[in-house]
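First comes the structure, then the notes that go with it.
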Amino acid sequence: MTLGLGRFEYYLIQLDDKLLAASKTDNAAKYLYEHDARTTCFMLEGLCKLYAALHNHKTFTTLKQRFKVIEDTLGAVDYYDNFAKQFLINPEVPSTIRMYLEEQKNAHLIQLNIVLLKKKWINHDPLRTKKIRKKLRSVNWKQPVDEINLFEKLYTKSINEINEFYTNTGDSFTNIELQVHDLRRRLRWLSIYPQALQGAMQLADNVAIVDKNVQKYLTDAVIHSPYNVFPKQGNNPVVMLLNKNYFLALSNVISSLGKLKDDGLKLLATTEALQATQFLKADAALQRACTIHSVPNNELDNIMIDAKHICEDFFAEKNLEKILGKNME
């Protein structure tokens, strides 16, 4: 089995186990949500994104979309479920808001159950994953050294696209979802690829701190985060090296933006629920949401200002460009 095929198989086995177990329940979508099938699909989607940019573009783009449908829907379930649970401990949140969020969560579970049956992910012989394996066996996989060279080019291209995206936001962020959240998503892919590739990317552990600007990002929480532990090199004969300090700086920014993004989305989820349940206009609903959560009426603006402050130094210091090291055999 080629390395590329083996990387997909690693996650397909996990997905198979979850799909088969889900098939035995009366709510397959709920089972997948509760057993973190989203992360498995995320990794498969990440592999598809990588390989679609390297070769067999049509095949991997099609597969990526199949995994993305499941991942996106589970993401929507998580969005509504997470805030519904958070709001339980806030007596200021009306019960109608929590009920609305629960209804939306259940609606997306129903939607996913329909997709799982229609696209033959469950309760069908053969399962969708068997057809996916057949497609993957027909791919023209490249040699490990060629793959690593292409991964490095793609990683560089992704960094350039992120820099361009950030530059195009101008002097300030104006939209939580389309700018702050989207920027974080793009940054996060840079940290997902090393996990998805199962050892083909490694951190250069022996890099001394020579850049005083990077030290502020190297907090204990970031240094000891399990998310920054890469899979071992294993049977990868050649790997792509990433500078550990600058990768940890990236992780710090992803985490910091994530906290701000969650604060902003909490207000937006509440606003959405108020519009749906109390028929308020958007501005009035947002002001009411701010009151419920005891924050200023301009809290979204404050969050976006804070996000910009986090990004300003990080991008000015060109930390993304400094992540890439040299290949090691």
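The values are calculated or read from the model by the stated rules, or taken from the named source; none is laboratory data. Being a predicted model, the structure only gives us computed values, none of them experimental. Note that we place each Cβ from the backbone using ideal geometry, even for glycine, and neighbour counts take in every protein chain shown. For the accessible areas, the whole protein counts, side chains as well, though only heavy atoms, and no ligand, DNA or RNA atoms are used. Shrake-Rupley method; radii C 1.70, N 1.55, O 1.52, S 1.80 Å.
Please verify whether Ile132 is surrounded by 12 or more Cβ atoms within 10 Å (Cβ to Cβ), within 30 Å of Leu20 (Cβ to Cβ), under 23 Å from the mean Cα position of the chain (by Cα) and hydrophobic (A, V, I, L, M, F, W, C), treating the condition exactly as stated. Show your work before the answer.
Values: surrounded by 12 or more Cβ atoms within 10 Å (Cβ to Cβ): yes; within 30 Å of Leu20 (Cβ to Cβ): yes; under 23 Å from the mean Cα position of the chain (by Cα): yes; hydrophobic (A, V, I, L, M, F, W, C): yes.
So Ile132 fits the description; yes.
Restricting to the range 77-110, and then to whatever is assigned to a loop (DSSP other than H, G, I, E, B) and open to solvent by less than 70 Å² (accessible area, probe 1.4 Å), can you tell me which residue is nearest to Leu267 (Cα to Cα)?
So the first thing to find is which residues in the range 77-110 are assigned to a loop (DSSP other than H, G, I, E, B), and the list is 89-94.
Then keep just the ones that are open to solvent by less than 70 Å² (accessible area, probe 1.4 Å); that gives 90, 93-94.
Details: Asn90: 13, Val93: 11, Pro94: 14 Å.
That would be Val93.
Quick grid of which residues meet (1) touching a His at 6+ places or on another chain (Cβ under 9 Å); (2) within 17 Å of Val115 (Cα to Cα); (3) touching a residue at least 40 places away in the same chain (Cβ under 8 Å):
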| position | (1), (2), (3) |
| --- | --- |
| Thr2 | no, no, yes |
| Gly6 | no, no, yes |
| Lys24 | no, yes, no |
| Ala28 | no, yes, yes |
| Leu50 | no, no, yes |
| His57 | no, no, no |
| Thr61 | no, no, no |
| Arg66 | no, yes, yes |
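When the residues of the range 67-76 are filtered to those that are open to solvent by less than 60 Å² (accessible area, probe 1.4 Å) and of a type outside the set (Gly, Ala, Ser), which remaining residue is farthest from Leu280 (Cα to Cα)?
Only one residue tops the list, namely Phe67.
Taking Lys308 as meeting all but one of (1) among the basic types (Lys, Arg); (2) part of a loop (DSSP other than H, G, I, E, B); (3) in contact with a Phe, Trp or Tyr (Cβ under 8 Å, 6 or more places away or on another chain), write down the number of the exception.
Condition not satisfied by Lys308: (2).
Need pairs with beta-carbon distance below 9 Å; first residue under 13 Å from Gly4 (Cβ atoms) and within the range 123-143, second small (Gly, Ala, Ser); sequence gap 6+ or separate chains.
Leu136/Gly4; Val139/Gly4; Trp141/Gly4; Lys142/Gly4
Out of the residues in the range 182-199 that are of a type outside the set (Gly, Ala, Ser) and open to solvent by less than 30 Å² (accessible area, probe 1.4 Å), state the one that is farthest from the chain's Cα centre (by Cα).
Leu197
Of the residues Ile254, Ile292, only one is within 27 Å of Leu101 (Cα to Cα), within 19 Å of the chain's Cα centre (by Cα) and among the β-branched types (Val, Ile, Thr); which?
Ile254
With Lys130, Lys120 as the choices, which residue is more than 18 Å from Ile192 (Cα to Cα), among the basic types (Lys, Arg) and assigned to a loop (DSSP other than H, G, I, E, B)? Reasoning before the result, please.
Numbers: Lys130 fails: assigned to a loop (DSSP other than H, G, I, E, B).
Being more than 18 Å from Ile192 (Cα to Cα), among the basic types (Lys, Arg) and assigned to a loop (DSSP other than H, G, I, E, B) holds for just one of Lys130, Lys120, which is Lys120.
Search the range 18-54 for residues being open to solvent by 20 Å² or more (accessible area, probe 1.4 Å) and more than 22 Å from the chain's Cα centre (by Cα), and hand back the single one that is farthest from Glu147 (Cα to Cα). Before you say what the answer is, go through the steps one by one.
The first filter runs over the range 18-54 and keeps only residues open to solvent by 20 Å² or more (accessible area, probe 1.4 Å), leaving 18, 20-21, 23-27, 30-31, 33-36, 38-39, 42-43, 49, 53-54.
Those left that are additionally more than 22 Å from the chain's Cα centre (by Cα): 20-21, 23-27.
Values: Leu20: 33, Ala21: 35, Ser23: 36, Lys24: 39, Thr25: 40, Asp26: 43, Asn27: 40 Å.
Ranking the candidates gives Asp26 first.
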